[in-house]
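Please read the structure below before turning to the comments.
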Amino acid sequence: MTLQIRNLNKRFNDLHVLKDLTIDIEKTGITCIMGPSGCGKSTLLNIISGLDKEDSGSLIGFDNSISYVFQEDRLIPWKNVQENIYFVLKGKVEKEKIKGTTQKYLNMVGLQEYSKYYPHQLSGGMKQRVSILRAFVYPASLLLLDEPFSSQDIKRKNNLIQFFSDLVERENKSVILVTHDLDVAIRLGNKIILLTDKPTRVKKVLNNIYRIEEMEENYIKMKKLIELEI
Amino acid sequence: MKVYISKVKKNRILPWISLIILWFVLSLVVDNDVIVPGIGLTFKNLFRIIGSKDFVITILWTFGRTIVVFLVSTLLAVFLAGFSSVSKLFYSHIKPIMSLLASVPILALILLALIWLHVEMVSIFVGVIYILPLQFENILNGIQTVDKKLLEMSRAYGVGKLAKIQDIYIPTIIISLSSIANSTLGSALKMVIAGEVLSQVRYSVGGNLVLEKTYLNTGGVFAWIIVILLMSNALSLLIHWWKKKSFLLDWM
């Protein structure tokens, strides 16, 4: 069973942002969504997460348990790493389990020594790691990411991508990752969906052969395929 | 680093020394203890005041009134600003009242308070009326400038209203309150003493100021002013201690 987005429409005043958008999302693995900037990728995530409301269309198979990684870390500055994670778990996970679960994840990714650090004491990359971890600890079957690596430099980006794909491998979650970064899409997406400019529709759906077999040859093939379309 | 710190210290002490020299010269020139009492006389009065049996209780009462003024006006301001931020109608009623309070001369208020209230309540009333509009404005501002991105994040994760108030709104308000807490408490002290001067309530710094003035003992008035300065400094230390104890200094 896939998650289905059917004939989704969204207008902002006169601007037709999403037009009859229809996408299938696999229940496991990463679906990357690429498209020109301003084509409504974030709007799509906001509609899926319930932050925004669609004008028409339907979302089938989605439930309310969704976690979200934003472009910025969006950590609460007066809460330390551990408390920031507690904050989203309150009321969702049994009180006695919150601490244990958080600790388990912090240990798993080697962040345990930072659990009492405040966001201002962490580097930009570290903060985004915590924000990604927060999304994984949260009991959700679907994970949304909106350009999560875009404010990082190349070295940090590579580390974060590794960090992220390790977590995805360990946790069986369905992931929708919005990006304009070709490299991110090829390295992470099992499926890559290319969108048109506004009014936005699906232009092409690609199965990522690089994720089936991580060979340089496949990387170049995928790169060419995508570049042809955009 | 060390050089810099000692420089800062020097810059803080130097103006006080200049002021004392000016006072000393002025008292020599005027040569009249009723108009400008000398340093020696003032300190003689200061020791007399500090040594008197009612000194501690007097100070404590004035401090107590100041703290009551601060707490009452802050609590009231939190409620009023909280309701104002959810109801435009409520805000449209409260706003003119706040600007009225902020613009009425404080002496007029004291006179009204003397007519309406028990003498003990006058200085508290005056203090609250003065502080309330400041705190209201500040808290409302705090609520309105809450980080929208954090609220959106909370919404995406389905965080409840109560948790949002407790973990995002209240800390934001406390942060904006703490930024002016020093000057608010200082103003509260000044207003309380002004109220005490006119209501001449028992066990009060203001009442004692009037007493010294009645005897034309300007040295005593000066000595009480020194006491007030020390009290004001003690309040600053209290705020600093609180900031250190609470979460505020941890993450800044």
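The values are calculated or read from the model by the stated rules, or taken from the named source; none is laboratory data. Keep in mind that what you see is a predicted model, and the values were worked out from it rather than measured. Here Cβ is always computed from backbone atoms with ideal geometry, including for glycine, and neighbour counts include all displayed protein chains. For the accessible areas, the whole protein counts, side chains as well, though only heavy atoms, and no ligand, DNA or RNA atoms are used. Shrake-Rupley method; radii C 1.70, N 1.55, O 1.52, S 1.80 Å.
The table below gives the values:
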item	result
Cα-centre dipole for chain B with unit charges at Cβ (Lys and Arg positive, Asp and Glu negative), debye to 20	760 debye
Flagged links, alpha-carbon separation over 27 Å, of A:10/A:155; B:164/B:245; B:213/B:243; A:95/B:161	A:10/A:155; B:213/B:243
Chain A: angle of helix A:95-108 to the longest principal axis, Cα-based, in degrees nearest 10	70 degrees
Charge dipole of region A:101-147 about the Cα centre (unit charges at C-beta), most positive-ward option of A:122, A:143, A:107	A:107
Rounded, prolate or oblate (a/c below 1.5 giving rounded, otherwise prolate when a/b exceeds b/c) for region A:154-197 by Cα gyration tensor	oblate
19 Å Cα-Cα reach of residue A:204 towards lysines, excluding residues that sit fewer than 8 places from it in its own chain	A:19, A:41, A:191, A:221, A:223, A:224
Geometric extent, Cα atoms of region A:173-220 - Rg, Dmax (angstrom)	11.6, 36
Residues of region B:203-236 with amide N under 15 Å of a point placed 7 Å along Cα→Cβ from residue B:13	none
Alpha-carbon radius of gyration plus Dmax, which is the widest Cα pair, for chain B in Å	22.3, 75
Test item: Cα-centred dipole of region A:116-225, Lys/Arg +1 and Asp/Glu -1 on Cβ, debye	260 debye
Per residue accessible area in Å² of chain A, where ligands, DNA and RNA are left out and the probe is 1.4 Å	46 Å²
Convex hull of Cα atoms in chain A, direction-averaged projection (nm²)	13.0 nm²
A versus B: buried accessible surface, summed, Å² (probe 1.4 Å, to nearest 100)	2000 Å²
Proportion of all alpha-carbon pairs of region A:113-212 beyond 20 Å (%)	43 percent
Ellipsoid semi-axes in whole angstrom, largest first, where each is sqrt(5λ) of the Cα gyration tensor of region B:37-139	36, 15, 13
Cut-off 13 Å between beta-carbons: net charge of the residues surrounding residue A:112, Lys and Arg +1, Asp and Glu -1	+3
Under the Debye formula (equal points on every Cα, no solvent term), log10 I(q)/I(0) of region A:23-150 at q = 0.14 Å⁻¹	-0.68
Theoretical ellipticity at 222 nm over chain B - DSSP helices of four or more residues, -39500 (n - 2.57) apiece, nearest 500	-28500 deg cm²/dmol
Helical segments meeting 27 Å axial Cα length and Kyte-Doolittle -1.0 threshold in chain B (DSSP H)	B:2-30, B:55-86, B:119-144, B:170-199, B:218-245
With every protein chain in place, chain A: carbon and sulfur % of accessible area (1.4 Å)	46 percent
Listed pairs B:44/B:190; A:90/B:149; A:104/B:149 exceeding 21 Å between Cα atoms	B:44/B:190; A:104/B:149
Rg/Rg_globular for the protein assembly as shown, with Rg_globular taken as 2.2 N^0.38 Å and Rg from C-alpha atoms	1.39
Cα-Cα P(r), region B:91-132, percent of pairs per 5 Å interval	5, 24, 29, 21, 14, 6, 1
With 10 Å bins from 0: P(r) over region B:77-184, alpha-carbon pairs, percent	13, 36, 30, 14, 6, 1
Helix A:216-229 axis, angle to chain A major axis (alpha carbon atoms, nearest 10°)	50 degrees
Cubic angstrom per residue, convex hull over Cα atoms of region A:41-81	97 Å³
